[in-house]
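Engineer: Shown below is the structure under consideration.
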C-alpha cells in the first residue's frame with residue numbers, strides 16, 4: 001500500500017480514476033469503491049470525493065457522509081501498519097490502559113495520530129473480540145494477545161527493525 005497524493009492537474013490519480021470506472025454508476029458500489037481507493041492509495045484523498053459522487057450520481061455530501069460514518073475510512077494519510085489497542089472491559093481490567101500508554105510512548109504518537117514516516121497509525125477500539133486473550137492489540141490485522149510490557153517491547157522493537 002502506498003501513500004501518495006493525487007496529481008494536481010487532474011485532481012485524481014489515474015489509479016483512482018480506474019477504480020471509479022470499474023464501478024460505473026452502481027450506487028450500491030460506494031462502500032466497496034471507497035475501500036478499494038483506500039486500499040490502493042492508503043487513504044481517501046478529499047479531492048476524490050467529488051469525482052466518486054459524480055460517477056455514482058450522488059451528492060458529494062452523501063459520499064462524505066459515508067466516509068465520516070465508518071471509522072475504517074480516513075481522508076488523511078495513515079500508516080502502513082495500523083496499531084489498534086483494545087479498550088474493552090476484559091482488556092481494561094487486565095492492563096490494557098498500561099499497554100496503550102506504552103504503545104503511545106514507544107511510537108511517540110497519540111490515539112488517532114500517524115508517525116511522521118507513515119509507518120504506524122495508532123487507534124483504539126471498543127473490543128477486538130478475543131477477550132479470553134486480554135489484553136490485546138492488533139497490528140496490521142494480526143491479533144496479539146496476553147500483552148504485557150515485555151512482550152509489547154519485543155513486538156514493537158521487531159517492527160522497527
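The values are calculated or read from the model by the stated rules, or taken from the named source; none is laboratory data. Remember, predicted model here, so these are calculated numbers, not experimental data. A quick note on method: Cβ atoms are made from the backbone with ideal geometry, for glycine too, and the neighbour counts reach across all protein chains shown.
Engineer: Looking at (1) farther than 23 Å from residue 113 by Cβ; (2) modelled with pLDDT under 90, find the lone condition where residue 5 falls short.
Structural biologist: It fails just one condition, (1).
Engineer: Another question about this same structure. Restricting attention to the range 123-149, report how many residues are under 18 Å from residue 108 (Cα atoms) and assigned to a helix (DSSP H, G or I).
Structural biologist: Adding up the residues that qualify gives 1.
Engineer: Can you name the residue in the range 90-121 that is part of a loop (DSSP other than H, G, I, E, B) and in contact with a strand residue (DSSP E or B) (Cβ under 9 Å, 6 or more places away or on another chain) and, of all such residues, is surrounded by the most Cβ atoms within 10 Å (Cβ to Cβ)?
Structural biologist: Among those residues, the one meeting the criterion is 109.
Engineer: Given the conditions (1) free of Cβ contacts under 8 Å to residues at least 12 places away in the same chain; (2) under 28 Å from residue 24 (Cβ atoms); (3) touching a helix residue (DSSP H, G or I) at 6+ places or on another chain (Cβ under 9 Å), report the number of the one that residue 113 does not fulfil.
Structural biologist: So the condition that residue 113 fails would be (2).
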